[in-house]
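The values are calculated or read from the model by the stated rules, or taken from the named source; none is laboratory data. As the structure is a prediction and not an experimental result, all values here were calculated from the model. When we count neighbours, we look across all protein chains shown, and the Cβ atoms used for this are built from the backbone with ideal geometry, even at glycine.
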Amino acid sequence: MREITSENIRILVNEQPAGWRSDRMLTQDAARDVLRFHRSLPGYGRTELVPLSAAAGKYGVKGIFVKDESSRFGLKAFKGLGGSYAVFRTLCELFGLDPRKSTFGDLQTSEIRGRCKDIEFATATDGNHGKGVAWAAKLFGCRSHVFMPKGSAEARRKAIEDAGASEAVVTEFNYDGTVDHARRLAEENGWTLLQDTSWEGYEKAPGWIIEGYLTLAAEACEQLGVEAPTHVFLQAGVGAMAGGVAGYLLNRYSDDPPAVTIVEPADVACVYLSAKNGRISTTGGDAATIMAGLNCETPCGVVWPILRDGVSFYCACGDCITEQGMRAYAHPHGGDPAIVSGESGAVTYGLLLRILQDESLRKLWGMNGDSVVLLINTEGATDPEGYDRVVEG
Ligand SMILES: Cc1ncc(COP(=O)(O)O)c(C=O)c1O
């Protein structure tokens, strides 16, 4: 591992990633099952894969493609994919249904709806995951309790309530502390905890949430067609999304896997720190960043082997990098379409632009006229005031 610093960016280079692939986990078969379930949900629609052709031409790469999750299920973020799949799997288990054959409709009998009223879920969240769980619980006729770290924006808390949470509460703890809080209350009250991070003995629900993200990865690959990605940039909080999507891509393109870059906020880069230490590590403290969805202190253990072995670059970026990404998406180059991207959605584009404009970074990443770059805009303007401040301010 080699560490490099460029203005407002720390880079950890994994010069020889061990490589990752699996014929059991995050496979194309698994993705087909998840996609079949999501397609059965009211409000499902495939999100767009937006080509930024003018930007690609300007910076001399073959393609830049953005999977735009800002419209997923009307929730402004991708997280409903994981939340809904975990609620579905929990209910299948409870009612003895086969998740590979069942759909949303199979859980709509009056008997099941009647029993769902007494089922309560709990989760801790930076915002989007909790909104996804609240929305999904309501869709199935269940209740949900959502807990947020101190300092969470009121707009984000209110959005969770509006999505259907029975309660959405800002605690006095950081993210890890809020997870402990939700876990304790769930135990005391008999609620089912749906957390996107894992610990020993608690891996099933996080595994379902991670599988839920396969839908966006499978859709993106279908939309890319023959254009296999050479580079993929994935933002990480606990790394559940990044690990799930990277795992799928490494399986799917195992003959010629893309170079994976994990992108995190500068002061709370827990995947970066863990990769550097060679073991899961916690950043601790109360780091502040505008990338609220990425403000998590400990990586998810379920995907740690993928994040450790399948990743080429780990980047810790200052807030100004995501601000640059947000503005560039909003005011695109040439005739490219504008994309609304929130603080946690745009950091990968901000980083990509920096790399493409810096000869030594281009070389480090191996960017050239054959490069096909895949980015995921994971959220829209989930905090509209914050968004306006950055993009118009
Ligand atoms: C918008 C957004 N992007 C990315 C992430 C990162 O996902 P994960 O925590 O699975 O790494 C989150 C997490 O909440 C998020 O809200």
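Among the residues of the stretch 335-355, are any of a type in the set (A, V, I, L, M), modelled with pLDDT under 95 and within 15 Å of the ligand (Cβ to nearest atom)? So far as the stretch 335-355 goes, no, none of its residues is of a type in the set (A, V, I, L, M), modelled with pLDDT under 95 and within 15 Å of the ligand (Cβ to nearest atom). Note on the stretch 276-289: residues that are more than 23 Å from Glu3 (Cα to Cα) and either hydroxyl-bearing (Ser, Thr, Tyr) or within 12 Å of the ligand (Cβ to nearest atom) (or both) amount to 0. Hey, can you tell me all the residues within the stretch 125-157 that are over 19 Å from Leu185 (Cα atoms) and part of a helix (DSSP H, G or I)? Residues satisfying the conditions are Asn128, Gly132, Trp135, Ala136, Lys138, Leu139, Glu154, Ala155, Arg156. Against the conditions (1) in contact (Cβ under 8 Å) with a residue 40 or more places away in the chain; (2) assigned by TED's automatic domain parsing to the domain that holds Arg362, Thr90 satisfies every one except (2). Within the bounds of the stretch 233-242, is there any residue that is more than 10 Å from the ligand (Cβ to nearest atom), under 15 Å from the mean Cα position of the chain (by Cα) and either closer than 23 Å to Glu200 by Cα or outside the structural domain of Asp126 (by TED's automatic domain parsing) (or both)? So far as the stretch 233-242 goes, yes, one or more of its residues are more than 10 Å from the ligand (Cβ to nearest atom), under 15 Å from the mean Cα position of the chain (by Cα) and either closer than 23 Å to Glu200 by Cα or outside the structural domain of Asp126 (by TED's automatic domain parsing) (or both). Counting residues in the stretch 268-275 that are at pLDDT 95 or above, farther than 26 Å from Ala155 by Cβ, not hydrophobic (A, V, I, L, M, F, W, C) and not in a helix (DSSP H, G or I) gives zero. Does Gly310 satisfy the condition of being away from the ligand (no atom under 16 Å from the Cβ) and over 16 Å from the mean Cα position of the chain (by Cα)? Criteria not met by Gly310.
Does at least one position in the stretch 56-77 carry a residue that is of a type in the set (Asp, Glu) and within 22 Å of Thr348 (Cβ to Cβ)? Within the stretch 56-77 (the criterion being of a type in the set (Asp, Glu) and within 22 Å of Thr348 (Cβ to Cβ)), the answer is yes, since at least one residue qualifies.
Would you mind stating whether Ser371 is more than 18 Å from Cys317 (Cα to Cα) and surrounded by 16 or more Cβ atoms within 10 Å (Cβ to Cβ)? Spelling it out, Ser371 is indeed more than 18 Å from Cys317 (Cα to Cα) and surrounded by 16 or more Cβ atoms within 10 Å (Cβ to Cβ).
Screening the stretch 94-120 for residues that are in a helix (DSSP H, G or I) and under 24 Å from Leu216 (Cβ atoms) and picking the one that is nearest to the ligand (Cβ to nearest atom) gives Phe104. Scanning the stretch 27-60 for residues that are within 21 Å of Asn377 (Cα to Cα), part of a loop (DSSP other than H, G, I, E, B) and touching an Asp or Glu at 6+ places or on another chain (Cβ under 9 Å) yields Arg46, Thr47, Glu48, Leu52.
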